[in-house]
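Colleague: Pasting a structure below so you can have a look.
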Amino acid sequence: MRPTTRIAHHERLLGAALLWLLAGAALLLTTLAPAHTDALGWTPAFWLVGAPLVVLLALEPSLPRQLLALLRPRRRSAAQLIWN
């Protein structure tokens, strides 16, 4: 029973980090929270976007590689390359 609890906890943390990232990006894109201020510098941008990205990379280190694999075109097999 212990591994499923650990997996559920990991998924909840991952979901919270994704929600944090989406909410922070929405706040920055709608300019409800400025990305840079004179008093705080780049701190709002870090806590709204940078910190959730760091948490996501800590929870799922292979995530960037998986996303790049989705964007990269697949290689065609030799049979598909022959068109005649």
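The values are calculated or read from the model by the stated rules, or taken from the named source; none is laboratory data. All values derive from a computational prediction rather than experimental measurement. When we count neighbours, we look across all protein chains shown, and the Cβ atoms used for this are built from the backbone with ideal geometry, even at glycine.
Colleague: Would you say THR43 is surrounded by 10 or more Cβ atoms within 10 Å (Cβ to Cβ), modelled with pLDDT of 85 or more and over 30 Å from ARG6 (Cα atoms)?
Modeller: yes
Colleague: Kindly indicate the residue of region 1-22 that is without any contact (Cβ under 8 Å) to a residue 24 or more places away in the chain and closer than 19 Å to VAL49 by Cα and also surrounded by the most Cβ atoms within 10 Å (Cβ to Cβ) among those meeting that condition.
Modeller: The residue in question is ALA16.
Colleague: Consider THR4 carefully, then state whether it is at pLDDT below 85 and of a type in the set (Val, Ile, Thr).
Modeller: Numbers: at pLDDT below 85: yes; of a type in the set (Val, Ile, Thr): yes.
For THR4, the condition - at pLDDT below 85 and of a type in the set (Val, Ile, Thr) - is met.
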